[in-house]
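To keep things clear, I will list the structure first and then write my remarks on it.
Derivation of every value follows stated rules applied to the coordinates shown; laboratory data play no part. Since we're looking at a predicted model, the values are computed, not measured. Reconstructed Cβ throughout: ideal geometry from the backbone, glycine too, with neighbour counts over all protein chains shown.
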């Protein structure tokens, strides 16, 4: 009897727990983003130089810095995206946590592929550079796909959203993720076939465009409506 | 007199402090989980390759990626577990903090054993691979034992739990931890005796099964009761 | 009709979201500062010594410790600065987030340049040491410029500040950032032309002076007014 | 006129800001402690082994594991100490922030000295081992001294403490810090003169004793009073 009631109480809380507030998911994600964006700097390190060769080593490593800036911008845009997504979420269930962990998993691959690109540029082999840029593009595709999963999940679970947010909002966001998949696929493939600096420049512009356009589309829609 | 009263006041606060809210334990644990899950990516790094050998190096390192995915899933399941455990805790005393630090200690070993497995697979020595997989299994056993301690402590300290949670809930959870101990022991031992890819596949499935079953059992119980 | 209303609701939330509270920016920044200040310790590591040479290696590496203390103080002063800046901010928009990400980007370069200085001192080449100190000064200039951007943005967006803070406050703060740009430029240039220990000493004193003076100016102004 | 009032408003907020709530200091400190306790695991890594030598390498590295466990316990005790200290603090001023940064600075040295001890034990030179243990003891002394500064500051600034906490509480805590200074000095000196395993065992017991005794003294005092 008593133990039966105990059991039921525990399950009521568990039911509530399955749709808990998003505080811990946000704190955990912020820490992961912070570590990833800071790990990138580890690859700037000068490996081995002859005495007196520091200035030359610093100046010839400009593609490494470009890769660093590109990845920093990319992680930053993802964090801003994550922030504005979770701002619209009221509570989280198990599925949303896994979708979020998928995004974090994909972002965590960025220091790895950035290091692969840096290393390939350092060795200077043309074939390796192409492979490295293609790998970077592949991770961009995976990351966009992870966002697509998250948006798709949210578009099907309106009960997790803030009161004023409609599932339709995230249904539309899926288009942005699809654009990302295509853009990184094209950048990776063509980039690896043309030239590494050109590919890095494209990959540098992608987060910039992504960050600016999302804001721009929004402002545009707002201005048109407010007229 | 006055100093006596001062002393007593301080002790009243200290008594309250011994059973403080769980905010800092959660923030600290989230940061530790975030660092551990991100440190794993450091082992993906390509160590040294001849020029033009990047594609080959990337393709032949698939067991390293499998180890990475396995460990990522394992840490993720532990974080979800930690979240749903602390969701049921109202306040923390010294003993609970140490039990929690024991869980974090065991989780922190995962990047180390993942690196040992990656390194053993890289060298390719059959004996080393067996040792590495056994070590991974051993850490799985230690981690499950740490959860067992935490659950056992909570089952004995109902005064630390949320109002609607009964100590019996955590008494039952101990069974899951015991299952984990046995599963990782079996996986480590048989895995090291059969083959490393097979063992990695088993270790990959364990967190998946663990994550799904805990949810499944719960839903099953709920559905049966709600009929 | 209905979808039109859905759309509008979503946009109202988005408009609110564009000027959200600063909680996540602060949590993310704190984590980044914490990682950067802790990454510095990785460069203290003794690389390779002959048996019995530990004491000698420890004693001869004093410039490395000086660089470590300098960078620790520098990051600490930046964190205190960040804390007192965001204490005056009520909500954040997209522009403020990017200005903040610019500051974090510049701070994240400190472990890199600290490592370059340590490495140059270890190799002992006079020319490399000069280059390393100049690079350290350059990052100091970049960091001060990032603060200048942040202060300038806040001086133009009074609507983001706490009720009692005026944009004029941050207009004045820009002077401190300008002083920082000049001080680090001078320290880098002259330091690289005179001697590395002297330059490190100057770079050590800069954050001390910066931390003390900002407080001192404030106290001075307050005392004069309260008379 | 108006600008004068603006200026005054800003200063009022600044005055409030100088004694702000402790939220950010706690979040920052938690992140630093989490990183330090997790960085320790990086030194467990097996450096270079001949094929088939993994088991032997793992078994012969037991002093490294002992050093790891010792340092983990030491950081954990420091975190618990930090938590119970800041639990008694109502607000923080500039001086308290610097005292806290001093504690974090000293704790951040632990992964470094733990790595030095591990490395010395690996090389196996008796003289180096003594130097490494002495260095570990020295950092223990520095860390205890940092706590002494923090406690001393709090004993002189009762206005920063929670309403029910008296400055006398922290005046008494200074004794514990003094004991720590002496204990680590003795452990470092005698340890380096006797044997490294013995010294590591002593350094392992110190945090255990420290953690248990502080609780024990408190419980003892409480029990005597409640009779």
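Label points for residue D:152 are taken 7 Å from Cα along Cα→Cβ. From this copy to the others they lie 4.5, 4.5, 6.3 nm apart, shortest first. Pop the C-beta distance of residue B:159 and residue B:205 into the FRET formula with R0 = 41 Å and round what comes out to the nearest 0.05. With R0 = 41 Å, the Cβ-Cβ based efficiency is 0.60.
Across peptide C:134-141, the mean count of Cβ atoms from other chains lying within 10 Å of each residue's own Cβ comes to 1. Shielding of peptide D:116-125 by partners, expressed as the average count of other chain Cβ atoms within 10 Å per residue Cβ, is 3. Placing pseudo-labels 7 Å out from each Cα toward the beta carbon at residue C:168 and residue B:91 gives an inter-label distance of 4.9 nm. Distances between copies of residue D:193, taken at a point 7 Å out from Cα along the Cα→Cβ vector and listed shortest first: 5.4, 5.4, 7.6 nm. Grouping the Cα pair distances of region B:87-156 into 10 Å bins from zero gives a pair-distance distribution of 20, 37, 23, 14, 6 percent in increasing distance order. Packing here is the average count of other Cβ atoms within 10 Å per residue, and on that basis the peptides C:172-181, A:34-43, B:126-135, highest first, run A:34-43, B:126-135, C:172-181. Reported to the nearest whole Å, the Cα centre-to-centre distance from region B:155-201 to region C:88-104 is 44. Peptide B:37-50 is shielded by partner chain Cβ atoms: per residue, an average of 6 of them sit within 10 Å of its Cβ. In nm to one decimal, list the spacings between the residue A:208 label point and its equivalents in the other copies, with label points set 7 Å along Cα to Cβ, shortest first. List, nearest first: 4.2, 4.2, 5.9 nm.
Arranged from fewest to most other beta-carbon atoms within 10 Å of their beta carbon, D:45, B:24 become D:45, B:24. Nearest to the axis that brings chain B onto chain D is this chain B residue, judged by its Cβ, with the distance in whole Å: B:31, 4.
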